[in-house]
Amino acid sequence: MVSTMDFISSNSWLVIAVLVSAGYLIIPRLMLGDATSGGLGPQALVQLINRKHATVIDVREAKDFEAGSIVGAKNMPFGSLKERAHELKKFEKHPIALVCASGAKSRTAQKLLAKEGFDDLHVLIGGMSAWTQASLPTSRVGK
């Protein structure tokens, strides 16, 4: 009978492969949070905008926003979000969707706004990268 330690030492490449695979599954969840807690894919965000009149808030810097953003999105850079949170009160009756480049900063913005009293918050998983990969329309400021 082979002991666990003997198996691990004789199959170290297999153990490493399993650990790396597990890391690829776990790390994104730790960085972005659980996708079920307000996270949406691009198509789900389109439905939220169309069906529930969601307001899209892009938390990227102005230059990135101007280079291409979701049509109708409003720019509120992450660095000024806490001070400007009161500006979002007028959109509270509908869901608020947060967008950034990859989804990570939006998740942080979601937590910040939740502490400010907002509750119907959503994050575009994968951010603008996912939106453009899905070939969804964008607009450029100052074309």
Counting only DSSP beta bridges with both residues in the chain, tell me the antiparallel percent, nearest 5. 15 percent
Cα-centre dipole for the range 39-139 with unit charges at Cβ (Lys and Arg positive, Asp and Glu negative), debye to 20: 160 debye
Amide H partners (placed H, <5 Å) of Val56, local residues excluded: Lys74, Ala97
For the range 39-139, averaging the sequence separation of alpha carbon pairs under 8 Å that lie six or more residues apart and dividing by its residue count, the contact order in percent is 35 percent
Mind checking the angle between helix 104-115 and the chain's longest principal axis? C-alpha axes, 0 to 90 degrees, to the nearest 10. 60 degrees
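Given 0.36 nm per residue, what is the gain on full extension from Thr138 to Lys115 after removing their alpha carbon distance, in nm? Working shown, then result.
Details: separation 23, 0.36 × 23 = 8.28 nm, distance 3.01 nm.
This chain segment gains 5.3 nm when fully extended.
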Please report, in whole Å³, the volume per residue of the convex hull around the C-alpha atoms of the range 39-139. 82 Å³
Given a cut-off of 18 Å, name the pairs among Lys63/Lys93; Lys89/Lys115; Lys63/Lys105; Lys89/Lys111 whose C-alpha atoms lie farther apart than that in the structure shown. Lys63/Lys93
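Each value in this text was obtained by applying a stated rule to the coordinates, not by laboratory testing. This structure is a prediction, so every number in the text was calculated from the model and none was measured. Cβ: placed from backbone, ideal geometry, glycine included. Neighbour counts: every protein chain shown.
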